[in-house]
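What follows is a set of notes on a single structure, which appears directly below.
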Amino acid sequence: MPKINGNEIRPGNVLEHDGGLWAAVKVDHVKPGKGGAFAQVELKNLRDGRKLNERFRSADKVERVRLEQKDQQFLFEADDMLTFMDSETFDQIALPADILGERRPFLQDGMVVQIEYYEEEALNVTLPQRVTCKVVETEPVVKGQTAANSFKPAILDNGVRVMIPPFVGQDEDIVVSTELFEYVERA
């Protein structure tokens with residue numbers, strides 16, 4: 001694995017540090033008036049979700065880890081385990097449902113997701129950035145309510161609450177961002 005200097009750490013890098021795998025979430029480069037410059041890095045453990053703040057000087061060496069990314073199709077959920085299938089080898093893997101966290105409701109049958117592996121261990125599941133959902137419940141349109149930035153609450157077919165523009169009605173399909181939990185456009 002390549003070693004990088006402490007000042008080369010960027011958000012999104014995966015590092016081997018203190019015997020664990022950590023993802024750099026936030027990196028601030030600090031140049032104090034006295035002493036050498038350093039990078040203040042917020043790390044998140046990929047295995048258990050712990051957070052850690054660490055200082056790396058430019059002379060510090062850290063191991064940068066490359067994760068292998070594979071596209072896999074979601075098959076089904078049973079006993080809080082999600083089963084995915086590799087579309088090339090047809091191998092199946094079962095992962096705990098909480099690996100998706102709050103994005104879990106956006107996972108749909110047959111959806112192709114990206115799973116990141118470190119050697120043979122699955123560490124992360126990335127959903128597509130945009131997902132099409134149906135509006136199940138929302139308020140009716142109020143005539144004359146066309147002011148800019150006016151949104152109304154809606155409940156989607158997966159139970160997620162989002163804010164939608166007033167012109168979108170019940171039983172319409174919309175595109176939702178899985179990262180921001182926001183309305184993007186009509187489907």
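The values are calculated or read from the model by the stated rules, or taken from the named source; none is laboratory data. Keep in mind the model is a prediction, meaning the values are calculated, not measured. A quick note on method: Cβ atoms are made from the backbone with ideal geometry, for glycine too, and the neighbour counts reach across all protein chains shown. SASA here: full protein model, heavy atoms, side chains in, ligands and nucleic acids out. Shrake-Rupley method; radii C 1.70, N 1.55, O 1.52, S 1.80 Å.
Details
- Top-ranked residue in region 2-29 [being part of a loop (DSSP other than H, G, I, E, B) and more than 15 Å from Leu123 (Cβ to Cβ); ranked as modelled with the lowest pLDDT]: Pro2
- Test: residue in region 86-93 that is open to solvent by 80 Å² or more (accessible area, probe 1.4 Å) and within 18 Å of Leu107 (Cα to Cα): yes
- Within region 30-100, strands (runs of 3 or more DSSP E) holding 1 or more residues that are in contact (Cβ under 8 Å) with a residue 24 or more places away in the chain and within 22 Å of Pro2 (Cβ to Cβ): 38-45, 51-57, 61-65, 68-78
- Any hit, region 50-73, residues being more than 30 Å from Gly36 (Cβ to Cβ) and more than 18 Å from the chain's Cα centre (by Cα): no
- Only listed residue being under 21 Å from Arg66 (Cα atoms) and part of a strand (DSSP E or B), chosen from Val136, Val125: Val125
- Residue tally, condition hydrophobic (A, V, I, L, M, F, W, C) and loosely packed, with under 15 Cβ neighbours inside 10 Å, over region 157-174: 2
- Test: residue in region 112-133 that is more than 15 Å from Ile174 (Cβ to Cβ), open to solvent by 40 Å² or more (accessible area, probe 1.4 Å), β-branched (Val, Ile, Thr) and at pLDDT 90 or above: yes
- Residue list for region 53-110, filter: in contact with a Gly (Cβ under 8 Å, 6 or more places away or on another chain), farther than 26 Å from Thr132 by Cβ and of a type in the set (Phe, Trp, Tyr): Phe56
- In region 5-17, the qualifying residues are those that are open to solvent by 20 Å² or more (accessible area, probe 1.4 Å) and touching a residue at least 24 places away in the same chain (Cβ under 8 Å), and the one that is nearest to Arg66 (Cα to Cα) is Glu16.
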